[in-house]
Each structure stands twice: as C-alpha cells, then as structure tokens.
Amino acid sequence: MYTPEYYKNTDLAQIKQFIKANSFGILLTTKTNKITGTHIPLELEIDPNGNEVIYGHVAKANMQWQQFDDSEEVLLIFNGPHAYVSSSIYTKEDVPTWNYIAVHVYGTIKIIDKTELTYALDKLVNKYEAGYKNPVSINNLSKNTMRQINGIVGFKITITNLQATYKLSQTRCEQDQKNIIASLNKQCPFDQKIADEMTNT
C-alpha cells in the first residue's frame, strides 16, 4: 500500500485495535493470475496453540476457498472512517483531499478443521452477541442448526506484514487542522469519526 512516511502508523497495538474494531474486511487471493475478493468478518484472535491469527470463513459455494494455498500470500483490507476535506476552510489556497484510515494485512492462509472452526465461530458470535439482551451462543444451538457449519470453509491467516495508513491532515498547519476538525464535526457521523481521530492523534 502506498503510504507517505508522514501518514504511516507503526503502532502495532493501535493497528491491532483498529482491526478488531473494523473487522468486516476484504480477503484477496490470487491463483493463476486471477484475483478474487470476498467481503467477510475477519477476526484477530488467539488460536488454541496461543498464536495470534486472523480467523475467517467463506461459504463452501464460494469458489475462492479453492484458491487457498499456504505457500501463497493473501491480502486482507480493513477500512475505517473516511471523509472528504474541502480546501475552502484552509488558510491558504490548495486542493481538496480525502482523509481516511486503512490497514493492509499480508499473510499465509490455512484451511482449519471443524473443531478449530467451531472454536473460531464461538469467538466470533460471542464478540457480536455481547451487546444483546438475550445473547445467542453456538453452544446452545441445536445439532440440526449447527449442521450449517458443513456449508462453510474456515481458515486462519498467519500475519507476515502489517501496513497502516492514517491520513489525517498531518501535513496541514495547526489552524487548518482545527478548521478541518470543526468542519467535519458539522457533517455526518462518519465524518465526525475522522474528526475524532484527528483530535486524538
């Protein structure tokens, strides 16, 4: 990913927290010069052996899983908040731009067995059910319902490289940054998230 030095984030703890908070990502694989992408939850977790991995699954009907090859590198893309920035609020004339946060994760992929897939699904469901009044647990689902696990292919990715771009107007003067934050806070909630990131960076 092209990232100028002043937009590069190398804080691993912050990047990993971003992945956990923005875990609906894109899995890209390549096989015989064909690129395939799928939009899916991709969860940063600890596997049963204590290794930090990214878990995911695709429908068995999705032929992408047939491209999985542990000798080939895959790419995961995680997008965060983004916002158009009007140059009308700058102190000096310049062009408009776009502020955003994005993380690229490279790694090797491996199909997991049913036991580890169940482990990964349990982590996934517990994470997203936590805010519900009567949370669902896969441990309480009937055997008939859990048969649906046969219709998916689970995988885990061992991370080999993380790249993070936090483009938050770092090259603008202090007054421009204040103007941008004030302007974005008047826009939609998505723009306000970028304003929050700028304020806290």
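As a length-normalised measure over Cα pairs under 8 Å and 6 or more apart, the relative contact order of segment 5-196 settles at 26 percent.
In segment 5-196, a dipole from Cβ-located charges (positive for Lys and Arg, negative for Asp and Glu) runs towards its positive end, and of Ser137, Ser23, Leu12 it is Ser137 whose Cα lies farthest in that direction. Pairwise inverse Cα distances across segment 62-149, averaged and inverted, put the Kirkwood hydrodynamic radius at 17.7 Å. Here the Karplus curve 6.51 cos²θ - 1.76 cosθ + 1.60, taken at θ = phi - 60°, turns the phi angles of segment 148-156 into couplings of 5, 4, 6, x, 10, 10, x, 8, 10 Hz, with x standing for Gly and Pro. Rounded to the nearest 500, the 222 nm mean residue ellipticity of the chain from helices alone is -8000 deg cm²/dmol, with -39,500 (n - 2.57) taken per DSSP H run of at least 4 residues. Listed cross-link partners Lys8/Lys127; Lys16/Lys60; Lys34/Lys127; Lys16/Lys167 are compared with a 24 Å cut-off, the Cα-Cα value being larger for Lys8/Lys127; Lys16/Lys60; Lys34/Lys127.
When the Gaussian network model of the chain links Cα atoms closer than 10 Å, the mean-square fluctuations of Gln17, Gln67, Gln175 top out at Gln175. Size descriptors for segment 5-196, from the alpha-carbon set: Rg then Dmax equal 20.0, 65 Å. With point charges of +1 on the Cβ of Lys and Arg and -1 on the Cβ of Asp and Glu, referenced to the Cα centre of the chain, which listed residue (Gln67, Thr115, Asn51) lies farthest in the positive direction of the dipole? Going by the charge dipole, the pick is Thr115. Across segment 1-61, Cα-Cα distances exceeding 20 Å account for 45% of all pairs.
Sort Trp65, Trp98 so the one with the fewest other Cβ atoms within 10 Å of its own Cβ comes first.
Fewest-to-most ranking of Trp65, Trp98: Trp98, Trp65.
Each Cα pair under 8 Å and six or more residues apart adds its sequence gap; the mean of these over the residue count of segment 15-111 is a relative contact order of 27 percent. Note on the chain: GNM, Cα springs under 10 Å; of Lys127, Lys167, Lys60, the largest mean-square fluctuation is that of Lys127. Under 20 Å of direct C-alpha separation, and excluding same-chain neighbours fewer than eight residues apart, Lys178 reaches these aspartates and glutamates: Glu93, Asp94, Asp191, Asp196, Glu197.
Inter-part distance, segment 40-102 to segment 150-201, computed on C-alpha centroids, equals 12 Å.
Every number here is computed from the coordinates shown, using simple stated rules; none is lab data. Please read these numbers as outputs of a predicted model, since none were measured by experiment. Here Cβ is always computed from backbone atoms with ideal geometry, including for glycine, and neighbour counts include all displayed protein chains.
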